[in-house]
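FYI, it's all coordinate maths here, none of it is from the lab. Please read these numbers as outputs of a predicted model, since none were measured by experiment. Every residue, glycine as well, gets a Cβ built from its backbone with ideal geometry; the counts of neighbours run over all protein chains shown.
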Amino acid sequence: MRHQSSKVQALYEHCKTILSPSGSPPPSSQALQKLSSILDTIQPADVGLKEETADDDRGHGFFGTNALSRLARWAQPITYVDIHECDNFTVSFTILGHTSDTTMCIFCFPTSSVIPLHDHPGMTVFSKLLYGSLHVKAYDWVEPPCIIESKEPGYAQVRLAKLAVDKVLNAPCDTSVLYPKHGGNLHCFTAVTPCAMLDILTPPYREEEGRRCTYYHDYPYSAFSVANAPICDGEEEEYAWLTELESPSDLYMRQGVYAGPAIQL
């Protein structure tokens with residue numbers, strides 16, 4: 001237990017030392033590298049998790065093609081467990097757009113569960129897949145902004161984004177990092193197998209400071225036409241048009257009980 005506690009405690013202490021509520025001043029590259037290194041060492045047992053297998057899971061599979069399979073991804077809840085609250089950062093086992101200012105929590109995915117495409121405005125996010133397989137699709141905004149305003153009432157504008165990540169992560173794997181302007185700041189998750197992912201957000205979501213979680217739908221580049229688009233022929237598949245959505249009403253969550261070592265404040 002002492003060994004388990006030391007990893008979680010080291011993570012908490014380092015975050016508390018280098019991260020601020022506003023994100024300013026930004027941590028040094030050495031401090032961020034150390035944070036990634038600590039995350040790389042954390043295993044499910046260090047936070048009281050038991051690795052689930054496909055046999056433990058009642059999902060219908062990531063690649064199911066029938067109607068039941070497509071609906072089942074929403075039928076099972078993603079489980080979250082609160083661990084700790086503080087002012088400077090948010091730690092969670094996958095990213096949800098959880099709007100509490102000061103939350104340390106665990107999120108565990110059943111097979112086929114989805115967290116839709118969403119952003120992290122002005123934020124840096126560290127992600128460590130603890131077990132299982134997770135498909136990640138992520139974009140960054142094209143700068144300067146390329147926006148098409150709808151000419152029809154009731155239709156939202158779309159903005160051009162470039163694909164940054166589109167792959168399946170398989171644990172064990174290294175910690176990944178996304179930044180405010182690059183690395184895939186807008187992303188969505190789909191569980192290929194039961195999985196759990198540890199994320200650290202800095203600074204945390206805070207709507208009054210302009211850090212509100214917004215959800216999006218992505219359209220292929222060919223869905224809209226624009227003159228003088230800033231891409232070259234043959235690169236169309238690397239770009240998409242994103243439009244804002246209301247917060248999803250079918251994102252199914254339930255709260256679990258934390259079974260890992262307590263953090264000493």
Problem set entry | Positive-pole candidate from Leu245, Pro116, Tyr139, dipole of segment 106-249, charges at beta carbon | Pro116
For this session: Using per-residue counts of other Cβ atoms within 10 Å, averaged over each peptide, order 180-193, 205-218 from highest down.
Result: 180-193, 205-218
For this session: Provide the packing ranking of 132-138, 159-165, 29-35, i.e. peptides ordered by the mean count of other C-beta atoms within 10 Å per residue, highest first.
Result: 132-138, 159-165, 29-35
Exercise. Using a Förster distance of 45 Å, how high is the FRET efficiency between Ala10 and Ser247, based on the Cβ-Cβ distance and rounded to 0.05?
Worked result: 0.85
Exercise. Quick one: length gained pulling Cys232 to Glu208 fully straight, 0.36 nm per residue minus the C-alpha distance?
Worked result: 4.8 nm
Exercise. Given a Förster radius of 22 Å and the C-beta distance between Val168 and Gln43 as r, what FRET efficiency does 1/(1 + (r/R0)^6) yield to the nearest 0.05?
Worked result: 0.60
Exercise. Scattering from the C-alpha atoms of segment 197-265 alone, worked out with Debye: what is log10 I(q)/I(0) at q = 0.15, 0.18, 0.19, 0.26 1/Å?
Worked result: -0.86, -1.01, -1.05, -1.19
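Measure up Lys128/Lys162; Lys34/Lys181; Lys7/Lys137; Lys50/Lys181; Lys137/Lys181; Lys16/Lys167 against 26 Å on the Cα-Cα distance and list the ones that go over.
Numbers: Lys128/Lys162 23 Å; Lys34/Lys181 22 Å; Lys7/Lys137 29 Å; Lys50/Lys181 35 Å; Lys137/Lys181 16 Å; Lys16/Lys167 32 Å.
Pairs exceeding the cut-off: Lys7/Lys137; Lys50/Lys181; Lys16/Lys167.
Grab the beta carbon distance between Ser36 and Ser225, set R0 = 30 Å, and tell me the FRET efficiency rounded to 0.05.
Values: r = 41 Å, r/R0 = 1.37.
So, using R0 = 30 Å, E works out to roughly 0.15.
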Problem set entry | Dipole moment magnitude, nearest 20 debye, segment 153-265 about Cα centre, only Lys, Arg, Asp, Glu C-beta charged | 380
